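The values are calculated or read from the model by the stated rules, or taken from the named source; none is laboratory data. What you see is a predicted model; the values in this text were computed from it and never measured. Here the Cβ positions follow ideal geometry from the backbone for every residue, glycine too, while neighbour counts run over all protein chains shown. Remember, those area values only see protein heavy atoms, side chains included, never the ligands or the DNA or RNA. Shrake-Rupley method; radii C 1.70, N 1.55, O 1.52, S 1.80 Å.
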Amino acid sequence: MNQTAALASPVAYDVVIVGTGHAGAQAAIALRQEGFDGTIAMIGEEAYPPYERPPLSKEYLAGDKPFERILIRPERFWAERAVTLRLGERVIAVDAEARLLTTEAGAMVEYGSLIWAAGGHARRLTCAGHDLAGVHGVRSRADVDRLIAELPAVREVVVIGGGYIGLEAAAVLTKFGKQVTIVEAQDRVLARVAGETLSRFYEAEHRAHGVTVRLNESVACIEGETAVCGVRLGDGTVLPAQMAIVGIGIVPSVEPLVAAGAAGDNGVTVDAQGRTSLPHVFAVGDCAAHANGFAGGAVIRLESVQNANDQATVVARTLVGREVAYHAVPWFWSNQYDLKLQTVGLSTGHDQAVLRGDPATRSFSILYLREGRVVALDCVNAMRDFVQGKPLVVDGAVLPAEMLADSTQPLKALWPRP
């Protein structure tokens, strides 16, 4: 059979999972745990078996964890569970009526059910110079490997974006002795995900470690001929740099689903079981927009390992006939310097913030309230508050602010559960 004929002959699987990140890996794991005995294939753009993404901007970049230690499961695990890994393949088209996928190389794959877990790609700058050598995103192993390879020749780094990715990368590069400048368009770092008290605390921490933090600044262009030599800001200031790291969010990887008719605006819209508007097609993880009870029912995307794992498990149970609804409290974490930030709940739309402990001790929590109910906590080096505060968010606890602020009283004592 010639190559063209081979590519034209579809291979069929009972379940096809597009994406090999946390959501895709958990979908395959949960299907087997739930007793699904049909054929499963995972299709991923990268050449590597499923691995954890959060360590990329932390332990992997810092050299504290080799790649083998961030694998979600040892490579042999997938073969032992009869999960076919189709790596280095990108799905470019979905025919929902025929239940057929087409890859960039022209291969065709039939599915009984499709789980779209493709996540997203790092949002890129659109200004002049965005494609120069030395301009990096931090989304894949290849991104970070390229960054690491260039570091020996780098003295000055400009980090564009003051979110988790940018701050974590800045912390690691500062440890490497690089001169780091963070450029943030808003008036504080972590503006989209935290209240002002936490933002100012992290801003001060980075400044104390020698990082320059420039707020309310726009990027006009990246300067250089073939490689970056500077970042020009909107006011004309040029920051010298041999490397620029761009951490301005992700673009959901949903183009083939949208082209096939899937409903959605920012990502693909799913119901409580992860179903899209296309028959036999589910979506999970970073690319799945869902009505979230912890966001007041608003349709949102959650970019977290917790969300990826929980949504994938719901879909797996639905496929084996155990239909359940997704309703999991969101949680996140970030490691910067010797600070471990743990967040539970969503603080967006809060109308009161209660400080518990003293930021000067570098161990404290902030509780966020909306109409008197606890909706989220940010805990810095405060594991006990993180663990004990989760029930307050799940239950929407109503407690006086002065009681919540009293760090001598454990949170579990304030809100006992049966």
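Hey, with R₀ at 60 Å, roughly what FRET efficiency would R192 and R76 work out to, going by the Cβ-Cβ distance, to 0.05?
So, using R0 = 60 Å, E works out to roughly 0.90.
Please name which of I72, S57, T39 has its Cα lying farthest along the dipole of region 34-81 towards the positive end, using unit charges on Cβ (Lys, Arg +1; Asp, Glu -1) and the Cα centre as origin.
After comparing all options, I get S57.
How much length is gained if the chain between T226 and A142 is pulled fully straight, taking 0.36 nm per residue apart and subtracting their Cα-Cα distance, in nm to one decimal?
28.2 nm
At q = 0.13, 0.22 Å⁻¹, what log₁₀ I(q)/I(0) does region 306-381 have when each alpha carbon counts as one equal point scatterer in the Debye sum?
For region 306-381, the Cα-only Debye profile gives -0.53, -0.95.
Per residue of the chain, what 222 nm ellipticity follows from adding -39500 (n - 2.57) for every DSSP H run with n ≥ 4, rounded to the nearest 500?
Estimated from H runs of four or more residues: -7000 deg cm²/dmol.
Quickly rank 400-409, 183-192 as a protection proxy: mean count of other C-beta atoms within 10 Å, highest first.
In descending order of packing, they fall as 183-192, 400-409.
Number of Lys-Lys pairs in the chain under 26 Å by Cα, sequence gap 8 or more or different chains?
Summing the qualifying lysine pairs gives 12.
Can you pull the Kirkwood radius for the chain, inverse mean 1/r over Cα pairs, to one decimal in Å?
22.9
Using a 7 Å offset from the Cα along the Cα-to-Cβ direction at both A360 and A105, what is the distance between the two label points in nm, to one decimal?
Placing both labels 7 Å along Cα→Cβ, they lie 6.2 nm apart.
Under 1.5 on a/c is rounded, so check that first for region 200-306, then, if it is not, pick prolate when a/b is larger than b/c and oblate when it is not; a ≥ b ≥ c are the square roots of the alpha carbon gyration tensor eigenvalues.
prolate
In Å², and per residue, what accessible area does the chain have when probed at 1.4 Å with the other protein chains present?
That works out to 43 Å² for each residue.
Would you work out which of T126, W116, T361 lies farthest towards the positive end of the dipole of the chain? Charges go on Cβ: Lys and Arg +1, Asp and Glu -1.
Ranked along the dipole, the leading option is T361.
Which residue, A328, A288, A153, tops the fluctuation ranking in a GNM of the chain built on C-alpha contacts under 10 Å?
A153
Go ahead and run the numbers for FRET between L151 and S218, Cβ-Cβ distance against an R0 of 25 Å, rounding to 0.05.
Calculated value: 0.40.
Taking the chain as a Gaussian network, where each spring joins two C-alpha atoms under 10 Å apart, which residue of R99, R146, R370 fluctuates the most?
Evaluated over the chain, the most mobile residue of the options is R146.
Given labels modelled 7 Å from the Cα in the Cβ direction, how far is it in nm from A272 to D64?
Output for this residue pair reads 4.0 nm.
Once you charge only the Cβ atoms, +1 for Lys and Arg and -1 for Asp and Glu, what is the size of the charge dipole of region 1-90 about its Cα centre, to the nearest 20 debye?
100
To the nearest Å, what is the center-to-center distance of region 347-372 and region 299-314, using C-alpha atoms only?
24
State the extension gain, in nm to one decimal, for the chain segment bounded by T39 and H280, taking 0.36 nm per residue of separation less the distance between their alpha-carbons.
85.2 nm
Taking every DSSP beta bridge that has both residues in region 100-198, what percent is antiparallel when rounded to the nearest 5?
The antiparallel fraction comes to roughly 40 percent.
Treating the Cα atoms of region 239-295 as identical point scatterers in vacuum, please give the log10 of the normalised Debye intensity I(q)/I(0) at q = 0.13, 0.14 Å⁻¹, two decimals.
Scattering profile of region 239-295, log10 relative to I(0): -0.42, -0.46.
Which percent, nearest 5, of DSSP beta bridges in the chain are antiparallel?
So the antiparallel bridges amount to about 55 percent of the total.
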